[in-house]
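Visitor: Have a look at this one.
Only the coordinates and a few stated rules stand behind these numbers; no lab work does. Remember, predicted model here, so these are calculated numbers, not experimental data. Methodologically, a virtual Cβ is constructed for each residue, glycine included, from the backbone with ideal geometry; neighbour enumeration extends over all protein chains shown.
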Amino acid sequence: MCELHKGRLADILSSGEQWYLHYQLINRYKPADYWVGGTDWENEGEWIWEGSQKNVTYTYWLPGQPNNGRSPFVNPTSGNAEFQNCLSLRYQDNFRWVDSVCAEHLHYICEKQASHQVTALPYYAYTHTTPTFLVYTTTTSAPTGP
Ligand SMILES: [Ca+2]
């Protein structure tokens, strides 16, 4: 998915990045849930940003999340119901984070190196240097999985 755009699924490393995305999503994009690059696929409960392999330190989980819920989604390959190992931003909860089944099809947010400094937004005083976030409004499953 993001590789097509020469980027990777977004890391959210600070409240500044979270609010930057929040502002962009509510003003410019569809009211929808979005994938970013967090996953605990390899070690349950140990969340990393898969693009950079950084630990997830800043968090914006919805209270009660992540809960590693088992969804009714059945992996068409394995035939098993899947647990929640990928991180999505939930529209109905102000883009707080929840863990979701990676095979779900959601919109997604990539990031790539900026070629120049991007100064964003009238509303939150946040100068976004690098990376640049790119929001895609087609849907796809998260790329992590067996
Ligand atoms: Ca999990």
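Visitor: What is the spin-label model distance, in nm, from Trp61 to His105 if the labels are put 7 Å beyond Cα along the C-beta direction?
Guide: With each label point 7 Å from Cα toward Cβ, the separation is 3.0 nm.
Visitor: Give the peptides 52-58, 38-44, 81-87 in descending order of average Cβ contacts within 10 Å, highest first.
Guide: Put in order of decreasing packing, that is 81-87, 38-44, 52-58.
Visitor: Could you tell me the calculated FRET efficiency between Lys112 and Gln92, based on Cβ-Cβ distance and R0 = 30 angstrom, to the nearest 0.05?
Guide: After rounding, the FRET efficiency stands at 0.60.
Visitor: Just rank Lys6, Lys112, fewest to most, by other beta-carbon atoms within 10 angstrom.
Guide: The fewest-first ordering by Cβ neighbours comes to Lys6, Lys112.
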